[in-house]
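Below: one structure, written as structure tokens.
The values are calculated or read from the model by the stated rules, or taken from the named source; none is laboratory data. Just so we're clear, the structure is a prediction, and the values are computed from it rather than from any experiment. Neighbour counts run over all protein chains shown; Cβ positions are idealised from the backbone, glycine included. Just the protein is used for accessible areas: all its heavy atoms, side chains included, with ligands, DNA and RNA removed. Shrake-Rupley method; radii C 1.70, N 1.55, O 1.52, S 1.80 Å.
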Amino acid sequence: AQQRAFNMACLMYGKDPAKFASFADAIELPQERRATCAEEYADMKRGWQKVLMSHMADKETPTAFTVSYGTTENPELEVFADIVKNSDVLTLLSNAISTQYDFAQGVKITAKECGIENAFWAPANREITFCYELMALHAKQFVRASGY
């Protein structure tokens, strides 16, 4: 889990060291690792651009995204499910990218309880699943790193 946090922090720091220095400090991202973050971010960005280039929108019609928010039976996940639903973050995300990329068959984005701290892409039904458990994990890591 710490390595995942370091990887995420490194990408954030690599994109904007001034903006994310305090976060890197809070999770104690080593200075020697920080020295490679700008290159890691640039490599990651080039990789994603290469993958997504063929899907760049060249028309006025936005990609159709279908967003849904599942319920949870786990009381520990309720607050995270509520945050995702009430902020409507997945709809905001889909609106932000719907005119940038052309996925002719559309994409479903679902937030739900999965039983695992992860997110998934299911090509057969073109669905991205965001697990509430992953949000809980990130929140706990942030709290731990922040010293709260």
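Here are the numbers:
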quantity	calculated
Accessible area of the chain divided out per residue, in Å², using a probe of 1.4 angstrom	65 Å²
FRET efficiency, ALA38 to ARG4 (Cβ-Cβ, R0 22 Å, nearest 0.05)	0.65
Heavy-atom accessible surface of region 73-148: percent carbon and sulfur, 1.4 Å	57 percent
Choice from LEU92, LEU11, LEU29 showing the highest fluctuation, given a GNM over the chain with Cα pairs closer than 10 Å	LEU92
GluC sites (Glu not before Pro) within region 43-148, DSSP loop, no more than 13 other Cβ atoms inside 10 Å	GLU60, GLU73
Difference of contour (0.36 nm per residue) and Cα-Cα distance, THR99 to GLU60	13.3 nm
Set of region 79-95 residues, backbone N closer than 16 Å to the point 7 Å along the Cα-Cβ line of LEU52	90-95
Gap separating the Cα centres of region 61-135 and region 1-31, nearest whole Å	25 Å
Gained length - TRP121 relative to GLU28, 0.36 nm times residue gap less alpha-carbon distance	30.4 nm
Positive dipole terminus of the chain, leading residue within GLY70, ALA124, GLN141 (C-beta point charges)	ALA124
Bridge type composition, the chain - antiparallel percent by DSSP, nearest 5	35 percent
